[in-house]
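The values are calculated or read from the model by the stated rules, or taken from the named source; none is laboratory data. Only a predicted model underlies this, so the values are computations on that prediction, with no experimental measurement involved. Positions of Cβ are generated from backbone atoms using ideal geometry, with glycine treated the same way; all protein chains shown enter the neighbour counts.
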Amino acid sequence: MNSLSLSRFTEKYEGGRFDLLVIGGGITGAALAYEAASRGFATALVEKEDFGGATSAATGKLIHGGLRYLQQFEIPLVRESLRERRILSNIAPNLVYPYPIVLPDPNLLVRLGLVFYDILSFDRKRTWDKGKRIPGHRMLPRDEARAAVPGGGSGRAILYYDCLCISPERLTLGFLKSAAAHGAVMANYAETERLLFQGNRVRGASVRDRITGKTVEITAAVTVNATGPWTQSLLNRDKKTEAPLPKKRSEGIYLVTKKLTDTMVLYVGSHGHFSFAPWRGRSLIGPTEKSYYGSVDDWKVSRESVDEFLEVINRAADLPEKLTRKDVVYAYGGLRPLVETEAEDTYTASRRSDLHDHEADGIQGLITAAGGKYTTSREFASQIFRHVARKTEKRPGPPVSKRRFLHGCDIPDIEKFVAEAVKGNGDFGANTVEYLACHYGTEYGAVLEMARSSRELARPVNDDGEILAEALFALRHESARTLADIFLRRTGLGTLGDPGGKVIAAAAKLAARELGWTAKRTAAETAALKRLIAVPK
Ligand SMILES: Cc1cc2nc3c(=O)[nH]c(=O)nc-3n(C[C@H](O)[C@H](O)[C@H](O)COP(=O)(O)OP(=O)(O)OC[C@H]3O[C@@H](n4cnc5c(N)ncnc54)[C@H](O)[C@@H]3O)c2cc1C
């Protein structure tokens, strides 16, 4: 397959009305842009930073039913999530995989919950790729339970399955590329400064392209505010749509450490849960659940949050050695765009998504879409789209998003696809080809082609066999505009901690050449990336 190049439409925009303007390029906005464009709506999407770089990059990578939501009797949400888990593993087979999870010391309630979870996922074996069928839960034999849990545990544990997305960042990009393949236009680093009004009708938005400095007015029949934790900030840019800011938000962070378990182990307490998940030869530990009272723009992973979490981990898990800051190679996280912020405890607040049509407040042409889980974003997007379509005179085409592979993911049998890719590209290491086949799907050949043009681009730079050609591909075809875009969202080069000065310098040189950066800009980009990947001190 020829790779598709994402270009930034705001650089050349000279007017023209869209059916739909989506503000926010997280998974909600990306899935909505795909849904609308694939059903024949002229669609534009603007994102103030990088695509999928906020909450959608803060996840635990789980594509899951959400076993714990059964405790809160959120049965429709769990069923919807389990259905979407299967759909995502169908339409993005190279990115979403069944993932075993061990639950130590399950009580009767948990055991009953898992029986119900299996019943609710009755269609889990109806996958396009037979290798993606999800088994039901089972009690582990004592020796297996002891081997799975750090410190051995009590010898009582249950094994059940959900799915893991190996790169939510690239899955969000997959939705955007699918939208672009259907004619949607989009731009990262394009910030909506204000909504445009004609009386009480929103007719689009005034958007500042942060790369060119140019401001453009983008008009559309319907505008959707899909700005996640910034929902109210966008609405508060105009008196007509003022909305109270949530008093508190829920922060969640993850730590990447040396590898501690071979299977994901989930610890559940009354006020939270966290897991050790094996990930790219390391462990991914999280999430936390902590109230945050500051502004969304000021939020970042703090040293205090890392230290507090290390204490919780050391208390809850019987690790052979205490985890310390030295074991943490990378930390990331975000704020949950919760819907029911008045809930006393952010842990028990609902993860349901929320669609608000501002017609109820006398404002036409504006919809706010907030909350939810990454897992349910495709379904949420199709709900939002149905609502949008009802507000226009246009007849939508048939829905395709759950029936077709995403762009670059047209792979009926992933095991066979990877094996053939490795066999057919013997000039590269097997781990490099495997990594690229899984992360880039049918576009992996385009990355390898670039690598064949230079030895430097083809040299593996980490244990996964990642190569610098991915950086060039990101710059030329995936709208990467900063070093952080390259290291944290297009590739996995920076998500295991500091990849080393040489790798950063080589990618910076490529970016400077491709984007025309000055030496000063290159130095600033390098410093910014180093700050982002460092564990907070
Ligand atoms: C710690 C944590 C762990 C999680 N783990 C999971 C998990 O394992 N599985 C799961 O299913 N879900 C998980 N979730 C939930 C999931 O991440 C979110 O539901 C989902 O990412 C929300 O996506 P979104 O597009 O609505 O928001 P976002 O990803 O935040 O996107 C909103 C975008 O709008 C942009 N924006 C804001 N203002 C403007 C403006 N003025 N102009 C243009 N753009 C603007 C922002 O820059 C941002 O990129 C987790 C959430 C957190 C916080």
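Quick notes on this one:
- Applying the condition of being in a helix (DSSP H, G or I) and among the small types (Gly, Ala, Ser) to the stretch 486-509 and asking which residue is nearest to Leu436 (Cα to Cα) yields Ala507.
- Scanning the stretch 499-521 turns up one or more residues that are surrounded by fewer than 22 Cβ atoms within 10 Å (Cβ to Cβ), modelled with pLDDT of 95 or more and among the aromatic types (Phe, Trp, Tyr).
- Thr324 away from the ligand (no atom under 16 Å from the Cβ), hydroxyl-bearing (Ser, Thr, Tyr) and loosely packed, with under 14 Cβ neighbours inside 10 Å: yes
- Count of the stretch 455-467 residues which are more than 20 Å from Glu415 (Cα to Cα) and either assigned by TED's automatic domain parsing to the domain that holds Tyr97 or in contact (Cβ under 8 Å) with a residue 12 or more places away in the chain (or both): 8
- Residue match in the stretch 227-240 (condition: surrounded by 15 or more Cβ atoms within 10 Å (Cβ to Cβ), under 23 Å from Glu49 (Cα atoms) and of a type in the set (Val, Ile, Thr)): yes
- Test: Ala36 is over 16 Å from the mean Cα position of the chain (by Cα), in a strand (DSSP E or B) and touching a residue at least 60 places away in the same chain (Cβ under 8 Å): no
- Under the condition of being within 14 Å of the ligand (Cβ to nearest atom) and touching a helix residue (DSSP H, G or I) at 6+ places or on another chain (Cβ under 8 Å), the residues counted in the stretch 55-80 number 14.
- Number of positions in the stretch 284-295 that are within 18 Å of the chain's Cα centre (by Cα) and on the phi < 0 side of the Ramachandran plot: 4
- Some residue of the stretch 473-481 being away from the ligand (no atom under 16 Å from the Cβ) and of a type in the set (A, V, I, L, M): yes
- Scope the stretch 334-359; condition acidic (Asp, Glu) and either part of a loop (DSSP other than H, G, I, E, B) or at pLDDT below 60 (or both); matching residues: Glu340, Glu342, Glu344, Asp345
- Options Arg39, Arg79, Arg68: the member that is under 16 Å from Val115 (Cα atoms) and at pLDDT 95 or above: Arg79
- Across the stretch 89-114, the qualifying residues are those that are of a type outside the set (S, T, N, Q) and touching a His at 6+ places or on another chain (Cβ under 8 Å), and the one among them that is modelled with the lowest pLDDT is Leu114.
- Matching residues in the stretch 1-32 - criterion: being farther than 15 Å from Ala221 by Cβ and either within 11 Å of the ligand (Cβ to nearest atom) or not in a loop (DSSP other than H, G, I, E, B) (or both): Arg8, Phe9, Thr10, Glu11, Gly24, Gly25, Gly26, Ile27, Thr28, Gly29, Ala30, Ala31
- Meeting the requirement of 2 or more residues that are of a type in the set (S, T, N, Q), the strands (runs of 3 or more DSSP E) wholly within the stretch 136-215 are 190-198.
- First in the stretch 315-333 and under 19 Å from Ile253 (Cα atoms), second anywhere and of a type in the set (Ser, Thr, Tyr) and more than 16 Å from the ligand (Cβ to nearest atom), Cβ under 6 Å, 6 or more apart: Asp327/Thr257; Val328/Thr257
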